[in-house]
1. Per DSSP H run of n ≥ 4, the term is -39500 (n - 2.57); total these for the chain, divide by its residue number, and report the mean residue ellipticity at 222 nm rounded to 500 deg cm²/dmol.
2. Report, to one decimal in Å, the Kirkwood hydrodynamic radius for the range 127-167 based on all distinct Cα pairs.
3. Would you mind checking the range 1-31 for residues with the amide N under 18 Å from a putative spin-label position 7 Å along Cα→C-beta of residue 168?
4. Quick one: how many lysine pairs does the range 128-183 have with C-alpha atoms less than 20 Å apart and a gap of 8 or more or different chains? Give me the count, please.
5. Taking the Cα-to-Cβ direction at residue 83 and at residue 127 and moving 7 Å from each Cα, how far apart do the two end points lie in nm?
6. For the range 1-148, with every protein chain kept in place, what is the accessible area per residue (1.4 Å probe, Å²)?
7. Carbon-plus-sulfur fraction of the accessible area of the chain, 1.4 Å probe, in percent?
8. Roughly what angle does helix 71-85 make with the longest principal axis of the chain, taking Cα atoms, 0 to 90 degrees, to the nearest 10?
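The values are calculated or read from the model by the stated rules, or taken from the named source; none is laboratory data. Note that the structure is a prediction, hence the values are computed from the model and not measured. So basically every Cβ, Gly included, is an ideal-geometry build from the backbone, and we count neighbours across all protein chains shown. Side chains included, ligands, DNA and RNA excluded: accessible areas come from the protein's heavy atoms. Shrake-Rupley method; radii C 1.70, N 1.55, O 1.52, S 1.80 Å.
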Amino acid sequence: MEQTDLQLLAHQFIANGVRVQPGQNIWIEYCGEDAKKLAELCASKVSEMSATFTLVDAGSEFINNIGNMSLQEIEQWGQDSLEKMKTMQGYIRIRDEENLSKIDLPDDINNAFQKAFRVFTNYRVANTNWLLVSMPNQHFAQKCNMKLDEFNAFYKKACLVNYDEMAKAAEPLVTLLKDGKKVRIY
């Protein structure tokens, strides 16, 4: 995807997805090298909006290194991550799906990681503006049975929706639903 397209996506994700406000703290997590490029652009947008960011590499190398931790260390990592998340008002994760195929943890370590991460996730979902996206790349396009150029165009069209226009266009429907006594959907 072109750099200008990635910049447009970063703006959309930060301004309209996470709705960053000045003074906020935003956790930007990425998984994979392709995702890192977009995450860095998102971080730049956060700074432009007079907010601060924490950029976190949560890719396969990081997760596989958890395999070197004890169960107690994984639990502590989860608590430390939760405490850091409690200082955040927004969260965005950008995943490179191909990177996920490189994760290889023993079952007991994976279960401990998932348990530690679940507490973090539950807090994030309930207390922050958040957005999870997959990076548009060859792997994602193949999963959708599309050529990369075709997929990139689809992804851009889907993600770069003008929310203000969409809200204005929906006003008559909102009025109809509020004022109507019966609604039939065919």
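1. -18000 deg cm²/dmol
2. 11.7 Å
3. 16
4. Numbers: 143/156; 143/157; 147/156; 147/157; 157/168; 168/178.
Lysine pairs satisfying the spacing and distance rule in the range 128-183 number 6.
5. Placing both labels 7 Å beyond Cα along the Cβ direction yields 1.3 nm.
6. Averaged over the residues of the range 1-148, the accessible area is 53 Å².
7. C and S atoms contribute 50 percent here.
8. 40 degrees
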